[in-house]
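Each value in this text was obtained by applying a stated rule to the coordinates, not by laboratory testing. Not measured: the values here are computed from a predicted model. Here the Cβ positions follow ideal geometry from the backbone for every residue, glycine too, while neighbour counts run over all protein chains shown.
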Amino acid sequence: MMKDIYLFSHRLKRARKLMKLTQAELAKKLYVSKSTEQRWEEAIRVPNKEMLERISMILDVDIDYLLGLQNRRRVKFTYQPVVNADTKEVSYMKVLK
């Protein structure tokens, strides 16, 4: 559950800048449009759970930090891709770093 959409947008923007990425670069890494990423930073929209996982991996921040549930920015976990053998869908499994 998102505590504060404005806190999320601020933390997303800050984490992106710390990684020295532009909005367009982050959007490309996430396979979304630049306007989608802009809407997240402007607190107009929020990403879904799977996208939060990708953002967390790319920006090396904890999802709970992005959501305003904790103040520690660093990731304690990483996400490993898991491919479903039948459907070929990719999901991510949270594992300790």
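Numbers for the structure displayed
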{"read-out": "Check: segment 5-96 dipole with +1 on Lys, Arg Cβ and -1 on Asp, Glu Cβ, in debye", "value": "420"}
{"read-out": "Gain on full stretching of the segment that runs from LYS17 to GLN38 - 0.36 nm per residue minus C-alpha separation", "value": "6.2 nm"}
{"read-out": "Helix-derived mean residue ellipticity, 222 nm - over the chain, DSSP H n ≥ 4, -39500 (n - 2.57), to 500", "value": "-13000 deg cm²/dmol"}
{"read-out": "THR87, THR36 arranged by Cβ crowding within 10 Å, fewest neighbours leading", "value": "THR87, THR36"}
{"read-out": "Inter-label distance, nm, simple model (7 Å from Cα along the C-beta direction), TYR31/MET93", "value": "2.0"}
{"read-out": "The chain: relative contact order as a whole-number percent, Cα under 8 Å and 6+ apart", "value": "25"}
{"read-out": "Most positive-pole-ward Cα, MET93, LEU26, PRO47, against dipole of the chain from beta carbon charges", "value": "LEU26"}
{"read-out": "Simple spin-label estimate for LEU7 and VAL83 in nanometres, 7 Å along Cα-Cβ", "value": "3.9"}
{"read-out": "Over 28 Å between alpha carbons, listed pairs LYS13/LYS88; LYS20/LYS88; LYS29/LYS88", "value": "LYS13/LYS88; LYS20/LYS88"}
